[in-house]
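Enquirer: Got a structure for you, written out below as structure tokens; questions coming shortly.
The values are calculated or read from the model by the stated rules, or taken from the named source; none is laboratory data. Because the structure is predicted, anything quoted here is derived from the model rather than measured. Here the Cβ is made from the backbone with ideal geometry for all residues, glycine too, and neighbour counts use every protein chain on show. The protein model used for the area step is the full one, side chains on, heavy atoms only, and it has no ligands, DNA or RNA in it. Shrake-Rupley method; radii C 1.70, N 1.55, O 1.52, S 1.80 Å.
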Amino acid sequence: MNIILFGPPGSGKGTQAEQLCKKLNLLHIATGDIFRENLNQKTDLGNLAKTYMDRGELVPGDVTNAMVRDRLDRPDTAGGFVLDGFPRTLPQAEALTVIMKDLERQIYGVLYINVSDEEVVNRLSGRIICRECQTPFHKIYNPFESCPFEKCNGEHLYQRDDDKPETVRARLETYHTQTAPVLDYYQQANLMIEISGAGTVKDVSQQALQAVKSLA
Ligand code: AMP
């Protein structure tokens, strides 16, 4: 089963993707995480991506599409994957259709997690994450100084540069102008399922799991 998790920044895609992957034994592929890994390792791709990420803009499509094609072509995706953060534009959605066809794979469905702009700003301005495992926490709702997981060795939590308020506003603008049209693309293909992302992580996880099972 290959599915796409779709929604605005801060809708909980990363958290829900992790949960779904654990329950359904799928591979989590997040384009934002791949860019951040490259950034930490100071690769050319990471340095290029940073200039866009810091402004809340999208990394150019050709670079991103090539990166996704390369990732999806690896053998560890054979058991199914959850794609998180891609596609984020109509051309990326079209490119993904071509990539899947070339790789003789299929997207089963697109799970859209709907969250209001107000809630997005509230969540992201308090979000802190672990550099090691990328798990998100929140300054008020889920406060930790350092990552509680043993494998991360007390890694200090940090606020992503692009979670600062002015960049969050730019990311929301990018989402509404460039990413939201992708919904129509998948609605027309009859692949979209919508859930509300407004509840607790547990509530949303239950809805997400039910929705994904209905695709099978
Ligand atoms: P995320 O972790 O999904 O919020 O992504 C963080 C940042 O990475 C975004 O604001 C973009 O700058 C970049 N990014 C992630 N996915 C994509 C994509 N599909 N296309 C272009 N840029 C992306």
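Enquirer: Condition check: surrounded by 20 or more Cβ atoms within 10 Å (Cβ to Cβ) and under 20 Å from Gln134 (Cβ atoms). Does Arg71 satisfy that?
Expert: Answer is no for this residue.
Enquirer: Being open to solvent by less than 70 Å² (accessible area, probe 1.4 Å) and within 23 Å of His176 (Cβ to Cβ) is the requirement here; does Ala66 meet it?
Expert: Working: open to solvent by less than 70 Å² (accessible area, probe 1.4 Å): yes; within 23 Å of His176 (Cβ to Cβ): no.
The answer is no for Ala66.
Enquirer: Of all residues in region 163-172 being in a helix (DSSP H, G or I) and open to solvent by 20 Å² or more (accessible area, probe 1.4 Å), which is farthest from Pro143 (Cα to Cα)?
Expert: Checking each candidate, the answer is Ala170.
Enquirer: Across region 186-204, which residue is farthest from Gly109 (Cα to Cα) among those that are crowded, with 19+ Cβ neighbours inside 10 Å and not hydrophobic (A, V, I, L, M, F, W, C)?
Expert: Restricting to residues being crowded, with 19+ Cβ neighbours inside 10 Å and not hydrophobic (A, V, I, L, M, F, W, C), the top hit is Gly197.
Enquirer: Just one of Thr43, Thr51 is surrounded by fewer than 19 Cβ atoms within 10 Å (Cβ to Cβ), out of contact with any helix residue (DSSP H, G or I) (no Cβ under 7 Å at 6 or more places or on another chain) and under 21 Å from Thr174 (Cβ atoms); which is it?
Expert: Step by step, each of Thr43, Thr51 is checked, and only Thr51 is surrounded by fewer than 19 Cβ atoms within 10 Å (Cβ to Cβ), out of contact with any helix residue (DSSP H, G or I) (no Cβ under 7 Å at 6 or more places or on another chain) and under 21 Å from Thr174 (Cβ atoms).
Enquirer: Also, quick follow-up: Restricted to region 109-131, and to residues that are assigned to a helix (DSSP H, G or I) and in contact (Cβ under 8 Å) with a residue 24 or more places away in the chain, which residue is nearest to the ligand (Cβ to nearest atom)? Can you show your working first?
Expert: At the first step, the residues of region 109-131 found to be assigned to a helix (DSSP H, G or I) are 117-125.
If we keep only those that are in contact (Cβ under 8 Å) with a residue 24 or more places away in the chain too, we end up with 117, 119-121, 123-125.
On the way: Asp117: 15, Glu119: 15, Val120: 11, Val121: 14, Arg123: 12, Leu124: 9, Ser125: 14 Å.
Filtering first and then ranking leaves Leu124.
Enquirer: Which residue, of Ser196, Ser214, Ser146, is more than 19 Å from Ala93 (Cβ to Cβ) and touching a residue at least 40 places away in the same chain (Cβ under 8 Å)?
Expert: Values: Ser214 fails: touching a residue at least 40 places away in the same chain (Cβ under 8 Å); Ser146 fails: touching a residue at least 40 places away in the same chain (Cβ under 8 Å).
That would be Ser196, the only listed residue that is more than 19 Å from Ala93 (Cβ to Cβ) and touching a residue at least 40 places away in the same chain (Cβ under 8 Å).
Enquirer: What's the number of the condition Glu155 fails, among (1) touching a helix residue (DSSP H, G or I) at 6+ places or on another chain (Cβ under 9 Å); (2) modelled with pLDDT under 95; (3) open to solvent by less than 60 Å² (accessible area, probe 1.4 Å)?
Expert: Failing condition for Glu155: (1).
Enquirer: Sticking with this one: Name the residues in region 130-152 that are open to solvent by less than 60 Å² (accessible area, probe 1.4 Å) and under 28 Å from Glu57 (Cβ atoms), would you?
Expert: Cys130, Cys133, Gln134, Thr135, Pro136, Phe137, His138
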